[in-house]
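Trainee: My questions all concern the structure below.
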Amino acid sequence: MIDRRRIDWRGAVLGAWRGTWSGPTVTYALIAACCFTFVISPVSGLNPVYGTGDTALAAQSAYFHRWGVVPAELMTSEPRTLLTPLTALFVHGSWLHLLGNMLFLFVFGAMAEERMGPFAFALFYLGCGYLALLGYAAAHASSEQTLVGASGAISGVLGAFLYLFPRSRVTSLFPFLFFLPLRFPAWIVLVFWFVLQWLAARSAGAGPGVAYLAHVVGFAVGFLYAWGRYRGGDTVKSPAAATEGESQP
C-alpha cells in the first residue's frame, strides 16, 4: 500500500529513468498527460498561439467542441463523435477544474492502481470515464452543451477505492466544519460524497455547470467493477496509512 509521506522521489525519478521503478506509473502518466494537454490548450492562457480577447475565446469554444462530448452529436453515433468520451477525459475547463481533478486522482489513484495493476487500471480508468460521459449524454440526448473533464473517470476510481479500501483513513476538509482537517474512514467520506453528487444530479439540468450525473455514473461503474472483479478476494479491512484529500473532486 502506498504511503505518500514516504515516497522516495529521487529514487522514483532515477527508477523511472532506468526503467526499474514500480510505482503508480499510470496514475502519474495520466496526471502528466492532463496537465500537459491543459497547458498547451487555449484554456490555460499560457499559449500565445491562440491570441487574446475574443480571439482566445473563439479558440476555446472551438477546442471544447472538437475534443469534448456534445450529447446531441454523440447520440447520432457518427464515427468521430464516438471517440470524444475518451478525448474529453484529458480536456479541462479551467485551472481549478484541472487541479481539483488531479488532486483526487493523485490521492486515490495510486492505491487503486497498486491493487489492480497498471494495465488493468489504465483500462479501468478509461472505461469508467467513457461510460460516465456516455451515461450523461444518454440522459441529456438533445443537449448541445459541451462536456469535458476527467471527473467521471476519477469518480470511478473513488467507487473502486470505496470497495477495495473501505477503512483506509482519509483526511478531508468540510466547509460546514470551517474547513478543519479531519480524518475519517474512506467509506464515510466517499459515501457522503456520493450522496451529495446524487442529490445534485437530481436537481441539475443539461446546461452549463458541473455534470453531477457523470460523477454518479462513474462512481457506480467503478464500485460495481471492483465488487465483481474482487468479490471474495482480499480487501483492506483494517485502517491503512492515511491518504489526504478534500471532500469534493
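Trainee: Starting at the first residue of the stretch 154-165, write each ³J(HN,Hα) from the Karplus equation 6.51 cos²θ - 1.76 cosθ + 1.60 with θ = phi - 60°, in whole Hz, x for Gly and Pro.
Mentor: For the stretch 154-165, the Karplus-derived couplings read 5, 4, x, 4, 5, x, 5, 4, 4, 6, 7, 9 Hz, x marking Gly and Pro.
Trainee: Let me ask something else about it. Roughly speaking, to the nearest percent, how much of the stretch 34-116's 1.4 Å accessible area is carbon and sulfur? Walk me through the intermediate numbers first.
Mentor: Numbers: 2720 of 3960 Å².
Of all accessible area on the stretch 34-116, carbon and sulfur atoms account for 69 percent.
Trainee: With a probe of 1.4 Å, find how much accessible area the stretch 53-183 has per residue, and write the answer as a whole number in Å².
Mentor: Numbers: 5640 Å² over 131 residues.
Ligands and nucleic acids excluded, the figure is 43 Å² per residue.
Trainee: Ranking request for peptides 94-102, 224-232: highest mean number of other beta-carbon atoms within 10 Å first, then the rest in descending order.
Mentor: Working: 94-102: 16.3, 224-232: 14.1.
With the highest mean Cβ count within 10 Å placed first, the list reads 94-102, 224-232.
Trainee: Another question, if that's okay. For the residue pair LEU83 and VAL210, what label-to-label distance in nm results when each label sits 7 Å from Cα along the Cα-to-beta-carbon direction?
Mentor: Distance between label points: 3.2 nm.
The values are calculated or read from the model by the stated rules, or taken from the named source; none is laboratory data. Here the structure is a predicted model, which means the values were calculated and not measured. We place every Cβ from the backbone using ideal geometry, glycine too, and count neighbours over all the protein chains shown. The protein model used for the area step is the full one, side chains on, heavy atoms only, and it has no ligands, DNA or RNA in it. Shrake-Rupley method; radii C 1.70, N 1.55, O 1.52, S 1.80 Å.
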